[in-house]
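Comments concern the structure below.
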Amino acid sequence: MGSTVTCDEIRAALLLTMTHSRRPQPTPKQAQHLAHCHDCQALRRYLYTMLLAGTDQPPTSCAASQGDLAAYVDLSLDLGARVAAEAYPDLWWHLWACPACAELFAYTAALATAERQDALHALPLASMPAPQRRVIGRLALAPGVVSRILQTRELLGRAYGGEDDLVLNEVESDGYSFHLSLQREPAGTWEILVGVIPPVVGLAVIHVGTKVFQAPFDPLGVAHVTRVPNILFRDGQPAISVTIEVP
Ligand SMILES: [Zn+2]
Ligand SMILES: [Zn+2]
């Protein structure tokens, strides 16, 4: 992905921070530009002092940023850029020059937007920015396995829809442990959980038949995809494959 963003575009985008714009920003490309452009960094510094009068350059860390990312995304989408930046100025600062966190932000914002549209299961891959990510783990289930496990559970009379996870697959590789599980939701839909130990910053990309879901890992190393329709695990008994991807 070439750097096609200009300083003018960055300035316009940065200035939206002072407005109630609900466009999720920055994009990873914008953050990439800013990481290397002193002119744009100067504007970022100026805006930061407007947000937090009298404060100099804040500490900046990926780990510290990720804890607040979900709340920041919610504020950005619901109340606008300025409210989000004023609530989390250090995160705002960090996102504007860290392409990795900006990418996680873009995905989190895309998922949150889809959730708001109640269209999570239809989230098309094509609407995502072209990522440069590394796969650190894979999980897979042959067609029919999920429905066989579900049938067995029903036959055994296990508490169906209880709190316990239905663990489908566990894999160890390269010092990581990955697992894939399902949990019944009250409405009859399913939550897909992908876990990684130790936790990573990244995404779980989950293929169920022809459907594709993506979810970022939370600080505990769990990616959640909620409200997956029941029919997905019954009809045609699709294969499931998961990749664990990091920036
Ligand atoms: Zn620039
Ligand atoms: Zn970062």
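Please treat every number below as a calculation from the coordinates, not as lab data. Treat the numbers as computed from the prediction; the structure is a model and nothing was measured. All Cβ positions, glycine included, derive from the backbone under ideal geometry; neighbour counts span all protein chains shown.
In a fully extended conformation the segment linking Y176 and L220 would gain 14.5 nm over its present Cα-Cα distance, using 0.36 nm per residue.
Using r as the Cβ-Cβ distance of H20 and K211, and R0 as 45 Å, what FRET efficiency do you calculate, to the nearest 0.05? It would help to have the intermediate numbers written out before the result.
Numbers: r = 35 Å, r/R0 = 0.77.
According to the calculation, E is roughly 0.85.
Annotation note: GluC sites (Glu not before Pro) in the stretch 160-213 located in DSSP loop regions with a Cβ neighbour count of at most 12 within 10 Å are E163. How much net charge surrounds L139 when only other residues with a Cβ under 13 Å from its Cβ are counted (Lys, Arg +1; Asp, Glu -1)? With Lys, Arg at +1 and Asp, Glu at -1, the net is -2. Pairwise Cα distances in the stretch 7-119 exceed 26 Å in 9 percent of cases.
Our estimate of slack between A64 and D39, defined as 0.36 nm per intervening residue step minus the Cα-Cα distance, is 6.4 nm. Spin-label model, S241/T189: points 7 Å from Cα along the beta carbon direction are separated by 2.6 nm.
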